[in-house]
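Student: Attaching a single structure in structure tokens format; questions to follow.
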Amino acid sequence: MIPYLPRLLDITINNGTIPRDWKKAIVVPIHKGGDRSVVKNYRPISLTSVVCRQMEHVIAGYIRQVWEDRDWSTWLQTGILLRESNNYSPSGHIRLSR
């Protein structure tokens, strides 16, 4: 699968569509602590397509590079763009139409 991944991402980006399976997620409750019978003590996480997340990472890297090359970023955006001051992943900032 790995040798075909760049070609698959290229086709997806060029077609402007995302395969239906990439749009699906399995939501799993993760216990945060406290009484396990209380719903508020859980947080949801979404198990999404690894391939789709990889594509989001590639697109985020490209956008980040364009912004840096053209000096479009400001000091206010540096933490987000370089992922230094937070725990967010690129996929948390860039969402493709789903």
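Student: Quick one: Karplus J couplings for the range 36-43, per residue in order, coefficients 6.51, -1.76, 1.60, θ = phi - 60°, nearest Hz, x for Gly and Pro?
Tutor: Those phi angles translate into 5, 8, 9, 4, 5, 8, 10, 10 Hz.
Student: Let me ask something additional. Rank these for me by crowding, K24, K40, going from fewest to most other beta carbons within 10 Å.
Tutor: K40, K24
Student: For a quick check: with amide H placed at 1.01 Å from N, whose amide H comes under 5 Å from Y42's, ignoring anything fewer than 5 positions away on the same chain?
Tutor: K32
Coordinate-derived values only; no laboratory data. The shown structure was predicted, so the numbers you read here are calculated from the model rather than taken from an experiment. We place every Cβ from the backbone using ideal geometry, glycine too, and count neighbours over all the protein chains shown.
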